[in-house]
Amino acid sequence: MKTAKTQLACLAAAMLTLSTPLLAQDKPVEMKFASWVPAQHALAKTGFEPWARSVEAASAGSIKVAMFPAQQLGKANDHYDMARDGIAEITYVNPGYQAGRFPIFSAGELPFLMTQPGAGSAAFDAWYRKYSAAEMKDVKVCFAHLHIGTIHSKQPITDPAQIKGMKIRSANGTVAQMMTLLGGTNVQVSAPEARDALEKGVADAITFPWNSIISFGIDKAVSFHTDMRLYAAAFVWAINKPWYESLSANQRRVIDNHCNNEWAARVGADWGAAEDAGQEKLAKSAGHTIVKLTPAQTDAWQKAVEPVAAQWIVAADKAGIPGRAALDDLKRELAARGATK
């Protein structure tokens, strides 16, 4: 007969077994994370890597995230389709690289819409969740976030009239509309190809965030950086649906807990701060000039690009949503979260 001490030991062992997290029993899976930014890029360090480590920890190691930076699995323009087709389980997507394909999403790219990337990311992600399942039905949208950028050039730019006749590498389709409106010619190349376009004279200027000018080596090709919050570039992390649906319930819960508005805000804020820090780095670098604008010059830019928002409203109407009401809703979300301060 078992002693009372032995019985207690057996009971404790049984309870420990019952309380062991079910995650430990999950089948190990790999999550290939494809991006087109360099491995040392600020977003990789402040966004991709912390997210991946958190997923691995929360899944008790049953989800292993393998990083494939710098277009290793495919060109930047193809990353949405790479997630759809299972070339990678999760990809970093710039929907604006395929102008017109995601018209609702492009609201996040409108000029002078916001000034704070963290709050802007949280607001835009919350707003876009109402539309993502329909517009990006081929994938599971993890979350959306953004950065805020300006124009960097070989000659100083202070007036929107200077854009006429210039060749501009635009960040996305919406910025391309803006440059066309101002009389510029758009050079359609992805971020990794931008330096080459500038060095070869294919482009005269580029719209880009501050620190990425350095991490992509574009600081070797441009010298002047206009100090304004001209535009936003918005991104999504897209997940392959069949892969997600094949996960255990616990693993899906881990992914869901990492595909929320809190992570959108965190990535937007951390990456945004890292990008904005690039302005000071450039200011201290030999051969680089930060071009300051007067209030009147900033007003001139804002008035010159106003028609771009009207163009978005028309495109949204054609896509089946009331464009003006949707844009007003986004503006309210941005204001409520302090993204326009």
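The values are calculated or read from the model by the stated rules, or taken from the named source; none is laboratory data. Given the structure is predicted, the values throughout are model-derived calculations rather than measurements. Quick reminder, even Gly has a Cβ in these numbers, built from the backbone with ideal geometry, and neighbours come from all protein chains shown.
Overview of values
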quantity: First in the range 57-79 and in contact (Cβ under 8 Å) with a residue 60 or more places away in the chain, second anywhere and among the hydroxyl-bearing types (Ser, Thr, Tyr) and not in a loop (DSSP other than H, G, I, E, B), Cβ under 8 Å, 6 or more apart; calculated: 76/97; 77/97; 79/91; 79/92
quantity: Tally of residues being more than 17 Å from residue 197 (Cβ to Cβ) and buried (at least 20 other Cβ atoms within 10 Å of the Cβ) across the range 137-159; calculated: 12
quantity: Residues satisfying the stated conditions in the range 319-337, i.e. over 20 Å from residue 116 (Cα atoms) and in contact with a helix residue (DSSP H, G or I) (Cβ under 7 Å, 6 or more places away or on another chain); calculated: 323, 324, 326
quantity: Helices (runs of 4 or more DSSP H) within the range 162-274 that include 2 or more residues hydrophobic (A, V, I, L, M, F, W, C) and within 25 Å of residue 71 (Cα to Cα); calculated: 173-181, 191-199, 210-215
quantity: Identity of the residue in the range 163-183, of a type in the set (S, T, N, Q) and buried (at least 17 other Cβ atoms within 10 Å of the Cβ), that ends up farthest from the chain's Cα centre (by Cα); calculated: 177
quantity: Residue in the range 287-296 that is in contact with a His (Cβ under 6 Å, 6 or more places away or on another chain) and not in a helix (DSSP H, G or I) present; calculated: yes
quantity: Residues satisfying the stated conditions in the range 99-122, i.e. of a type in the set (S, T, N, Q) and within 17 Å of residue 318 (Cβ to Cβ); calculated: 106
quantity: Residue 56 within 28 Å of residue 249 (Cβ to Cβ) and either within 15 Å of the chain's Cα centre (by Cα) or buried (at least 21 other Cβ atoms within 10 Å of the Cβ) (or both); calculated: no
quantity: Residue in the range 232-242 that is among the aromatic types (Phe, Trp, Tyr), modelled with pLDDT of 95 or more and surrounded by fewer than 22 Cβ atoms within 10 Å (Cβ to Cβ) present; calculated: no
quantity: Of the criteria (1) over 16 Å from residue 235 (Cα atoms); (2) in contact (Cβ under 8 Å) with a residue 24 or more places away in the chain; (3) not small (Gly, Ala, Ser), which one residue 49 fails; calculated: (2)
quantity: Number of positions in the range 297-308 that are in a helix (DSSP H, G or I) and crowded, with 19+ Cβ neighbours inside 10 Å; calculated: 2
quantity: Filter pass, residue 340 being in contact (Cβ under 8 Å) with a residue 40 or more places away in the chain, part of a loop (DSSP other than H, G, I, E, B) and β-branched (Val, Ile, Thr); calculated: yes
quantity: Residues within the range 137-161 that are over 15 Å from the mean Cα position of the chain (by Cα) and either assigned to a loop (DSSP other than H, G, I, E, B) or more than 25 Å from residue 279 (Cβ to Cβ) (or both), tallied; calculated: 10
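Each row is one residue, and each column tells you yes or no for (1) under 21 Å from residue 178 (Cβ atoms); (2) buried (at least 22 other Cβ atoms within 10 Å of the Cβ).
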{"site": "83", "(1), (2)": "no, yes"}
{"site": "98", "(1), (2)": "yes, no"}
{"site": "110", "(1), (2)": "yes, yes"}
{"site": "114", "(1), (2)": "yes, yes"}
